[in-house]
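Here is the structure we will look at, set down as structure tokens.
The values are calculated or read from the model by the stated rules, or taken from the named source; none is laboratory data. Note that the coordinates shown come from a computational prediction; the quantities given were computed from them, not determined experimentally. For neighbour counting, all protein chains shown are included, and Cβ atoms are generated from backbone atoms with ideal geometry for every residue, glycine included.
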Amino acid sequence: MRGNKVWAFALCSTLLLVVSCRQARTEVNAVADDTQEPADTLESDSVLFFQDEDEGLSLENHATEVFGDFIFAFTHNTRFQAERIRFPLPVTDTEGEESVIRSGRQFRSEFRLPGNDYYTLLLGDINQMSVFQNDTALSEVSFQCVNLQKLSMVNYDFRRTDGRWYLTHRHHGPLSAEQMDFFQFYQRFVTDTLFQEESLAPQLSITIPEDEEDEQDEEEVEGTIDRSQWPVFRPEMPRDEFVNIYFGQTYPDPHTVHLLQCGISNGLLDIFTFRREEGRWRLTSYEN
């Protein structure tokens, strides 16, 4: 019993130290943001392929292996995008009417794909993440763009042919009853601060790096926080448009959803676990 008390005291002390460091870092960053010049942005027609001096791999080769890397290139570079669309591209609108897009210029003028530096996944089983990241045998993936204001969804269907991903179809798809239920909750969760606080588990489980400044340090701190501490740890979350990459994952437990935000070029990963308890969704754990 004494050992448990000592461990609990040490954990609480570590979490309090992390909270203090995060608060201090937030204040310093706020000052820095006011003085720094805005960073240059990558133009859509800038050079796409980069040679890795250590591994000798180009982005093109890597992008054809893993869908997450491919979709980053596809949404950030118009020339690469045009090369990876099967024209004429079939399009199905909200009324079920069929049409076609015949060129990259027409595609870009009529549609906008989110060009984030991260992608999101909704998983029923957290172990499915490794399947998506490592399984180069995937042949079909749907890039699902959910408008959180209208609660509508547009699907961009991709198929792998000869080792390369191509966009083959764009169509509107209705949200299922389960999706509608979760996204109605999620939309309010990210826009209503009071509702978000009420939708946290009373004791929220968290896992965070012990030293955020040391990228080589893989030590983690696990513990619980109360609702008042959540703003210190809360990361940015999609508010207007949510992108789910659907690769065939299943949801064996309709009352549990794992939401993953995966950085494409920086290796960052946020994992939110939501559970439906007593008729309402709650955030029960967060891992950074």
What's the number of the only condition in (1) within 23 Å of the chain's Cα centre (by Cα); (2) at pLDDT 85 or above; (3) not β-branched (Val, Ile, Thr) that residue 79 fails to meet? (1)
Residue in region 219-235 that is modelled with pLDDT under 90 and at positive phi present: no
Picked from region 249-288 (must be small (Gly, Ala, Ser) and modelled with pLDDT under 90), the residue farthest from residue 178 (Cα to Cα) is 265
Restricting to region 248-263, name every residue that is polar (S, T, N, Q) and either surrounded by 12 or more Cβ atoms within 10 Å (Cβ to Cβ) or out of contact with any helix residue (DSSP H, G or I) (no Cβ under 9 Å at 6 or more places or on another chain) (or both). 249, 256, 261
For region 246-288, what are the residues that are in a strand (DSSP E or B) and acidic (Asp, Glu)? 270, 277, 287
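Tell me the residue from 185, 158 that is touching a strand residue (DSSP E or B) at 6+ places or on another chain (Cβ under 6 Å) and not in a strand (DSSP E or B), please.
Details: 158 fails: not in a strand (DSSP E or B).
Unique residue meeting the criteria: 185.
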Pick out the one residue from 181, 162, 157 that is of a type in the set (Asp, Glu) and crowded, with 17+ Cβ neighbours inside 10 Å. 157
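Is it fair to say residue 142 is at pLDDT below 90 and either part of a helix (DSSP H, G or I) or under 19 Å from the mean Cα position of the chain (by Cα) (or both)?
Considered against the rule, which asks whether it is at pLDDT below 90 and either part of a helix (DSSP H, G or I) or under 19 Å from the mean Cα position of the chain (by Cα) (or both), residue 142 comes out as no.
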Which of the residues belonging to region 245-288 are of a type in the set (A, V, I, L, M, F, W, C) and either under 19 Å from residue 142 (Cβ atoms) or in contact with a Cys (Cβ under 9 Å, 6 or more places away or on another chain) (or both)? 245, 247, 257, 259, 260, 262, 264, 268, 269
In region 82-114, residues that are under 23 Å from the mean Cα position of the chain (by Cα) and touching a residue at least 60 places away in the same chain (Cβ under 8 Å) total 2
Would you mention how many residues in region 115-139 are modelled with pLDDT of 90 or more, surrounded by fewer than 15 Cβ atoms within 10 Å (Cβ to Cβ) and of a type in the set (A, V, I, L, M)? 1
Assigned to a loop (DSSP other than H, G, I, E, B) and crowded, with 18+ Cβ neighbours inside 10 Å: is that true of residue 238 in this structure? yes
